[in-house]
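Comments concern the structure below.
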Amino acid sequence: MATLSVKPGQRFTLPDWHTNSHLTSADAERQRSASHQVRQEARALRNETDNQAKWDEHDNQTRLAERISSVNRWKETLDKCLADIDAEIDALAKVKEAAERALQAKNLPLDVAIECLTLRESRRAIDLVRDLVGEELHQEVKVINKAKRELQQRVHEAFEQLCLLQEARQQLSCDHQRKVEALEIDRVCLSLSVSSPNISFKVNPTRVPDGSTAPDEWEQNSQCNKEHAEAEMKASTELREATLLAIAQTNNELEAQRVATEFALRKRIRDLERAYDELKWQEQKTLEEIPEMEEDIRRLEEDLRRKMQDLKVAHTRLETRTYRPNMERCRDQVQYGLTDEVHQLEGAIRALKQKLAESQDALDALYRQLHRIQTDSGCKANSLLLDNKCLDSRRKLVVPAEKFVPELDAFNRTTNRPLSPPKNGQLEAA
């Protein structure tokens with residue numbers, strides 16, 4: 001007979017077996033309860049996040065639609081403003097061309113009047129008198145020159161206003177183009193959905209782009225462009241009216257009677273002497289002012305160099321403090337103080353540069369004025385010499401009057417060259 005083998009190992013009692021079964025059931029119950037709790041929380045979280053995502057997406061869709069509507073309203077406003085400014089540019093250009101034609105039309109009357117004066121200068125003996133015809137011819141030349149200067153000024157103003165209108169139009173056009181591009185981008189954003197093929201994760205999408213502006217600044221920028229264009233159009237309208245009025249007035253003045261008055265030679269000499277003395281006094285005062293201005297410019301440059309050095313120090317401090325580790329890069333009072341110092345120094349540097357530029361302009365103006373004074377004093381001295389010679393010549397009554405006839409070729413002069421009136425000595429010698 002075979003013998004019964006006995007397996008080694010621990011033997012458990014029946015109560016142990018029942019206890020183990022109860023523990024296993026209890027553990028299963030707890031795990032199922034925990035699992036149920038997690039499932040319920042997961043479902044609640046899914047519902048909550050799904051609702052939140054849908055509402056956020058709906059709100060942003062609404063915001064995008066409102067933004068598109070706002071940008072589109074400004075685009076339509078700029079469209080109308082562009083059309084208005086284009087019409088004003090065309091109208092002003094036509095008025096400018098009319099003023100240029102009126103200016104060109106003054107050349108023929110001027111040449112005729114100068115030719116008449118030149119022919120009358122050839123009179124001899126007793127016929128070389130200062131009569132009413134000569135006075136009227138001189139006044140005609142004066143009126144024509146005045147009309148040409150006024151028309152030339154109007155043409156110049158119209159040209160400058162056209163430049164300003166073009167500049168305003170360029171600003172409007174740029175603003176309009178930017179709004180067209182913004183509309184296109186926002187409409188693309190509005191059309192995106194979870195099924196769009198071109199969506200993807202981006203690097204740091206929540207960053208604030210450089211050059212970002214606030215809504216008020218955006219609104220104010222477009223409003224300023226619009227108001228600037230409207231102001232230039234208003235100025236252009238006023239200039240057109242003034243130019244048309246000037247054309248009409250100059251045409252009327254050319255039809256009016258000419259009245260000429262000439263100053264006596266001795267009064268002219270006294271005026272020239274007073275003007276010459278005044279110029280010499282102005283020259284002396286200008287020569288005294290120039291060194292003082294140069295010294296002030298030198299001091300301004302020194303102050304500017306010092307401020308630049310101070311600004312370098314503040315910049316270096318701010319830059320160096322950016323390398324502080326981790327949480328140490330706090331915006332403490334030092335940071336605010338250094339920032340304020342940079343702003344103050346930059347403002348001071350701008351003010352100094354502006355004042356330096358103004359001082360340089362003033363110094364240049366002084367040198368130009370000194371040159372003008374010296375040139376003008378030379379002209380006055382020459383005029384005094386010529387008028388004194390005329391005064392001496394008037395005593396020589398036995399000299400034939402033909403000696404005093406000036407040589408003037410009306411056909412070789414430029415059309416815009418002003419006429420020098422005949423010397424009084426020539427008329428009085430008759």
key: Output for the range 78-93, where each listed residue is acidic (Asp, Glu) and open to solvent by less than 30 Å² (accessible area, probe 1.4 Å)   = Glu88
ask   = With respect to the numbered conditions (1) surrounded by 10 or more Cβ atoms within 10 Å (Cβ to Cβ); (2) polar (S, T, N, Q); (3) over 24 Å from the mean Cα position of the chain (by Cα), which one is the sole condition not fulfilled by Thr206?
value = (1)
ask   = Of all residues in the range 325-359 being among the basic types (Lys, Arg) and surrounded by 12 or more Cβ atoms within 10 Å (Cβ to Cβ), which is farthest from Glu294 (Cα to Cα)?
value = Arg329
ask   = Can you name the condition, by its number, that Leu4 falls short on among (1) at pLDDT 85 or above; (2) part of a loop (DSSP other than H, G, I, E, B); (3) not hydroxyl-bearing (Ser, Thr, Tyr)?
value = (1)
remark   = Only one of (1) open to solvent by 90 Å² or more (accessible area, probe 1.4 Å); (2) farther than 30 Å from Arg149 by Cα; (3) modelled with pLDDT of 85 or more does not apply to Lys75, and that is (1)
message = Please go through (1) of a type in the set (Ser, Thr, Tyr); (2) touching a residue at least 12 places away in the same chain (Cβ under 8 Å); (3) open to solvent by 100 Å² or more (accessible area, probe 1.4 Å) for Ser173 and return the number of the only condition it doesn't satisfy.
response = (3)
message = Can you say whether Asn198 is of a type in the set (S, T, N, Q) and open to solvent by less than 90 Å² (accessible area, probe 1.4 Å), as far as the supplied structure shows?
response = no
task = Give the number of residues within the range 135-174 that are charged (D, E, K, R) and under 23 Å from Gln220 (Cβ atoms).
result = 2
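The values are calculated or read from the model by the stated rules, or taken from the named source; none is laboratory data. What you see is a predicted model, and the numbers here were worked out from it, not measured in a lab. Here Cβ is always computed from backbone atoms with ideal geometry, including for glycine, and neighbour counts include all displayed protein chains. To get the accessible areas, we keep the full protein, side chains included, count just its heavy atoms, and leave off ligands, DNA and RNA. Shrake-Rupley method; radii C 1.70, N 1.55, O 1.52, S 1.80 Å.
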